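Participant: Just passing along the structure, written as structure tokens.
Derivation of every value follows stated rules applied to the coordinates shown; laboratory data play no part. None of these values were measured; they are calculated from a predicted model. Cβ coordinates were reconstructed from backbone atoms using ideal geometry, including for glycine residues, and neighbour counts include every protein chain displayed.
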Amino acid sequence: MDSTPTEHETPNENDEEQEDQRSTHASRHPEKLVIPAQLNYQKTSRAERETAEVGRTLKRERKKAIQEEINRFFKMREEFTAELAKKFSLKDEKAHALVNAAVNVKRVRAPNLRNALVSRRAKELNEGRKKGDRYTMAEIQEIVQKEIENGEHKDIDDEELREELEDLRELRTKGSRSTNRAAAIDHKATLGHIEME
């Protein structure tokens, strides 16, 4: 029997929609190569699955044991820091700085409002810019000076700005450095401080 519609029959629209839904990538794009499905022929045996489970369990236990040792070390370090502070009559912050190897670099200048403004504007202006496209410190200071002259910073909270700058400075005095350049600058500043003592 012929499946084509006769004069009295009209093709069913639902059949065409179903054909469109069943179409594959290969039928829609006959000019493109079809990559055959990758089949995993390596079936794992029950013994292999059990061995893998035992290995995962051992790995989890080892990880947990390492974390417990690290936590024990942190607790020991806290106790040692407290004993050191008590024994030598140190403030807790000083004892923590000595034990945690914070760099003993003292800034000569206290953070003032202008420095805090320059620091914040440098962050705002250079955010998202590429290395060669960033503003220099001289340009940023010139922008801040013009803004001060125009009275744009009258409603800014001075204390918040200073605290922000102090936090940034404190972060820069920590022991670990993210780049080699920062580590070299830190090393040079520390050696200079040692020589001055």
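Participant: Could you name the lysines whose alpha carbon sits less than 28 Å from that of residue 59, not counting residues in the same chain fewer than 8 places away?
Facilitator: 43, 75
Participant: I've got another one for you. Rounded, prolate or oblate: which fits the stretch 111-161 when a ≥ b ≥ c are the square roots of the eigenvalues of the alpha-carbon gyration tensor, with rounded for a/c under 1.5 and prolate only if a/b beats b/c?
Facilitator: Details: a/c = 2.22, a/b = 1.69, b/c = 1.32.
Cα axes put the stretch 111-161 in the prolate bin.
Participant: I'd like the chymotrypsin sites (Phe, Trp or Tyr not before Pro) in the stretch 29-90 restricted to DSSP loop residues with at most 16 other Cβ atoms within 10 Å, sorted by number.
Facilitator: 41, 88
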